[in-house]
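The values are calculated or read from the model by the stated rules, or taken from the named source; none is laboratory data. Fair warning: this is a prediction, and the values are worked out from it, not measured in the lab. Quick reminder, even Gly has a Cβ in these numbers, built from the backbone with ideal geometry, and neighbours come from all protein chains shown. Remember, those area values only see protein heavy atoms, side chains included, never the ligands or the DNA or RNA. Shrake-Rupley method; radii C 1.70, N 1.55, O 1.52, S 1.80 Å.
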Amino acid sequence: MREMTEVERKVALSNAISIIRRNLPEYTYECQDANSIDGLYKPINNIEWTTGFWPGEIWLAYLETDDELFAHVAGIFTESFRDRIIRKVAVDHHDMGFLYTPSCVAAWKIKKDAHAREAALMAADQLISRFQEKGQFIQAWGTMGARDNYRYIIDCLLNLPLLYWASEETGDAKYRDIALRHTQTCCANSFRSDWSCYHTFFMDPETGEPVRGETCQGYKADSSWARGQAWAVYGLALAYRHTGNEKYLEMFEPVSKYFMDKLPEDMIPYWDLIFTSGEEPRDSSSAAIVACGFLEAADSYEKRGEYEKARHYRSLAKQLMKALWDKCAVNKDDASCNGLLRHGTYSKKSPYNTCTPAGVDECVSWGDYYWMEALVRLGGGWKSWW
């Protein structure tokens, strides 16, 4: 497969920044919704689990342009996120990392914004408040301890970098300790023998023992939801960087291979990896997430002196990015769409899952964000806030 060239990367990044700039008037005091409808995001209040991705895109645009307008708008969102965590608006779930890492941790690392640091640390406290000693995991959703929600989901691997950062900032090991324990539980239970992963995993609230894997947004319990497998790829690469535990890098390789082996010829994944052909919807966001995971792992392999593996995963990332550029990227002159990446899927209803259908064959906010992150990463020198 062909790789994205440096010329294509620069054109794609310039294209994305143009769209982000065009969107600023509408999304400065309001957030983008989780997914577009007929190609257009509607403005919403800061209440969804996805609202951190848009300010993350703005910070990436600022890093590429040094245009203080981007920093100014991102700073407005910092205050919105600070207000949200102070008032605890829609934060009774595990997605504090998705919310506060690309918005407030980024603002602290880039601008040393004290309000951003304060907000992100409060979010880390909120995240660890959902840790369950029985079972050793961070409960994803629902009333704490309720049997029907005594579970974690694979996505949480991307929330944990907020906890590693909080320990580094404060010197308090409690955040890191919970991140480590959750990761150990996840890696012990969430992966099948073929290295596909469950979306959600239930634990016994009385004994803490593992019970069963289920899906919420995948096609069915024994399939592999594409975005879930993508979170696993990137999450394992991040787990290795934050812990140095070689087990996570060893797991990363077969988990990644499973994802790549299930791709159709054009390399744009279907929404669930049980589908490898046919008319089912695609999920471009999963490819963007995996590209970021491959670039993260490539950096780690390079530091270990494993240059062949580093080249291999960097090449795979470029192949995914080339496919996305050719098939899914929105053109800056296309007024019919205000996202960056088409053909994403938020929730696809099936006869076997419990999700609410939304955002099928649309732009999705995390797809836009990780597309942008991968474009910046490919240029070299980006200092991750994950």
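Cβ-Cβ contacts under 9 Å between residues 6 or more apart (or on different chains), taken from a first residue in segment 31-49 that is closer than 21 Å to residue 84 by Cα to a second residue that is basic (Lys, Arg) and at pLDDT 95 or above, are listed as 32/42; 33/42; 46/84; 47/84. Selection within segment 359-384: residues that are of a type in the set (Phe, Trp, Tyr) and out of contact with any Pro (no Cβ under 9 Å at 6 or more places or on another chain). The member of this set that is most open to solvent (accessible area, probe 1.4 Å) is 382.
Contact annotation: residue pairs with Cβ atoms under 8 Å, 6 or more positions apart or on different chains, pairing a residue in segment 206-235 that is farther than 28 Å from residue 317 by Cα and hydrophobic (A, V, I, L, M, F, W, C) with a partner that is open to solvent by 10 Å² or more (accessible area, probe 1.4 Å) and in a loop (DSSP other than H, G, I, E, B), are 211/204; 221/198; 221/215; 221/352.
In segment 138-149, the residues that are closer than 16 Å to residue 208 by Cβ reach residues that are open to solvent by 40 Å² or more (accessible area, probe 1.4 Å) and among the β-branched types (Val, Ile, Thr) with C-beta atoms within less than 7 angstrom, at least six apart or across chains, in these pairs: 149/143. Residues in segment 8-23 that are within 11 Å of residue 325 (Cβ to Cβ) and surrounded by fewer than 17 Cβ atoms within 10 Å (Cβ to Cβ): 1 in all.
Residues that are small (Gly, Ala, Ser) and assigned to a loop (DSSP other than H, G, I, E, B) were ranked within segment 310-366; the one that is nearest to residue 12 (Cα to Cα) is 339. Among the numbered conditions (1) crowded, with 22+ Cβ neighbours inside 10 Å; (2) farther than 30 Å from residue 176 by Cα; (3) among the hydroxyl-bearing types (Ser, Thr, Tyr), the only one that residue 354 does not meet is (1). Being acidic (Asp, Glu) and either on the phi > 0 side of the Ramachandran plot or over 17 Å from the mean Cα position of the chain (by Cα) (or both) is the requirement here; does residue 302 meet it? Yes. Return a yes/no flag: does segment 207-218 have any residue that is among the β-branched types (Val, Ile, Thr) and in contact with a helix residue (DSSP H, G or I) (Cβ under 6 Å, 6 or more places away or on another chain). No, there is no match, as no residue in segment 207-218 is among the β-branched types (Val, Ile, Thr) and in contact with a helix residue (DSSP H, G or I) (Cβ under 6 Å, 6 or more places away or on another chain).
The residues of segment 255-281 that are open to solvent by less than 60 Å² (accessible area, probe 1.4 Å) and closer than 19 Å to residue 314 by Cβ, listed by number, are 255, 256, 259, 260, 263, 267.
Here residue 54 meets the list (1) without any contact (Cβ under 8 Å) to a residue 40 or more places away in the chain; (2) under 21 Å from residue 230 (Cβ atoms) almost entirely, failing just condition (1).
Only one entry of 85, 47 meets the criterion of being among the β-branched types (Val, Ile, Thr) and either over 30 Å from residue 151 (Cβ atoms) or surrounded by fewer than 21 Cβ atoms within 10 Å (Cβ to Cβ) (or both), and that entry is 47. Examine segment 242-251 for a residue that is more than 20 Å from residue 152 (Cβ to Cβ), in a loop (DSSP other than H, G, I, E, B) and open to solvent by less than 20 Å² (accessible area, probe 1.4 Å), and state whether such a residue exists. No; the residues of segment 242-251 include none that is more than 20 Å from residue 152 (Cβ to Cβ), in a loop (DSSP other than H, G, I, E, B) and open to solvent by less than 20 Å² (accessible area, probe 1.4 Å). The residues listed here are 300, 336, 315; of these, the one that is among the polar types (S, T, N, Q), modelled with pLDDT of 95 or more and over 19 Å from residue 382 (Cβ atoms) is 336. In this structure, is residue 209 more than 16 Å from residue 138 (Cα to Cα) and open to solvent by 50 Å² or more (accessible area, probe 1.4 Å)? In short, no. Here 3, 64, 30, 57 are screened, and the one residue that is under 24 Å from residue 118 (Cβ atoms) and open to solvent by 40 Å² or more (accessible area, probe 1.4 Å) is 30. Whenever a residue of segment 287-306 is touching a residue at least 40 places away in the same chain (Cβ under 8 Å), its partners that are outside any helix (DSSP H, G or I) and crowded, with 23+ Cβ neighbours inside 10 Å, lying with C-beta atoms within less than 6 angstrom and at least six residues away or across chains, give the pairs 287/269.
Of everything listed in (1) open to solvent by less than 10 Å² (accessible area, probe 1.4 Å); (2) touching a strand residue (DSSP E or B) at 6+ places or on another chain (Cβ under 9 Å); (3) not in a strand (DSSP E or B), the single unmet condition for residue 221 is (1).
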